[in-house]
Amino acid sequence: MATFLKPDKIVKVKIGNNELTINQKIIPDNLVATKNVASYVQKGDKMKPCAKLNDGTGKPKAITVHNTDDIKVASGTNAAEQYTRATYNGNMNGVVVHFYVWHNDIWQNLDESERGWHAADGSTRRKDHRGGQTGGNLDTIAIECISADSESEETVAKLVAYLCKKYGLDPKYDVYTHNYWMYGKDETVVGSRKNCPIYILPHWKKFLEKVSNYYASCSTADTKKTIYKVQCGAFAIKSNASNLKSKLVKEGFDDAYVVSINGLYKVQVGAFAVKDNAVKLQNELKAKGYNTLIVQQ
Ligand SMILES: [Zn+2]
């Protein structure tokens, strides 16, 4: 029986009220092919480009959406894990992407700052939606949406929105089909040639609208790693925490909430990516007589 991969790290991200769980299994720089995997990955070659996006800056210029087919998997795993495993084992014909998405399962194989092999445009660039020059492989983050499944597509829309927010990209201009890098067009299904993302292409505009809606619900704070909160109390007894929370809400601190951490019920207010904003709130609370401290998450 196959040994399933274990993620190196599990990362939770927020998109408005939605949360995504990302299983990170980043291909190490020193992983080499044990056989000829593709014309550009021969036995002994590195399994990924080992280069940064956007001329070495590592800042993604855009996002590329792909579809790939569903696969049968053993019980206890899912297609996103299995595609990741196939990538590690050199069974993906040299394709290396940043994310595989199947239903709610997301596996990340490349750091968001590095180049993959997915767009079939080698190391070329073409005119992009903003009138600049962009290359699918050279400059974009790749997401593979597995199968014609609506849940997978929904998860991909959330993930794209999150990445747009995180990197200052605009869902209207900076999200591309794989087709674009091959043919210079997003929307059209072109004859009998390979079309990707095959299942999303027929309703590509609707998909982008979905991304835009998730993007609108996503705050910049959602994408920052460190979140600062103001803590007003920590209690062993839950009702004490609830009472303090109610008092805070009454006094206008509407977003006061109770979290349970290490057996204590903590009353916190606000969630800020920028520490100064937490300090401002802390000063307001102090002025009203609360004993506060700033906590990081
Ligand atoms: Zn594709």
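Observations
- Between Thr64 and Ile141, Ala142, Ile143, Tyr176, the built amide H atoms are under 5 Å apart, and every one of these is 5 or more places off in sequence or on another chain.
- Qualifying lysines (Cα of each under 17 Å from Cα of Lys245; at least 8 residues distant if same chain): Lys229, Lys266, Lys286, Lys288
- Seen against the Cα atoms of the chain and their longest principal axis, helix 79-88 is set at about 60 degrees.
- Sites Glu209 and Lys280 - FRET efficiency at Förster radius 51 Å, r taken between beta-carbons, to 0.05: 0.90
- Share antiparallel - DSSP beta bridges, the chain, percent rounded to 5: 65 percent
- Counting 0.36 nm for each residue step from Lys35 to Lys59 and taking away their Cα separation leaves a gain of 5.5 nm.
- For segment 227-236, putting each phi into the Karplus relation 6.51 cos²θ - 1.76 cosθ + 1.60 with θ = phi - 60° gives couplings of 10, 9, 10, 9, 9, 10, x, 9, 10, 7 Hz, in residue order, rounded to whole numbers and with x for Gly and Pro.
- With Cα atoms, 0 to 90° folded angle of helix 275-287 axis to the chain main axis: 10 degrees
- Remark: the Cα gyration tensor places segment 9-219 in the rounded category, a/c being less than 1.5.
- Pair Asn93, Leu264: separation of 7 Å Cα→Cβ label points (nm): 5.7 nm
- Top of Trp107, Trp204, Trp181 by mean-square fluctuation, Gaussian network on the chain, Cα under 10 Å: Trp204
- Ranked by the mean number of other Cβ atoms within 10 Å per residue, highest first, peptides 169-179, 51-61 order as 169-179, 51-61.
No lab work stands behind these numbers, since they all come straight from the coordinates. Worth saying up front: this structure is predicted, and the values here are computed from it rather than measured. Using ideal geometry, Cβ is built from the backbone for each residue, glycine included, and neighbour counts are taken over all protein chains shown.
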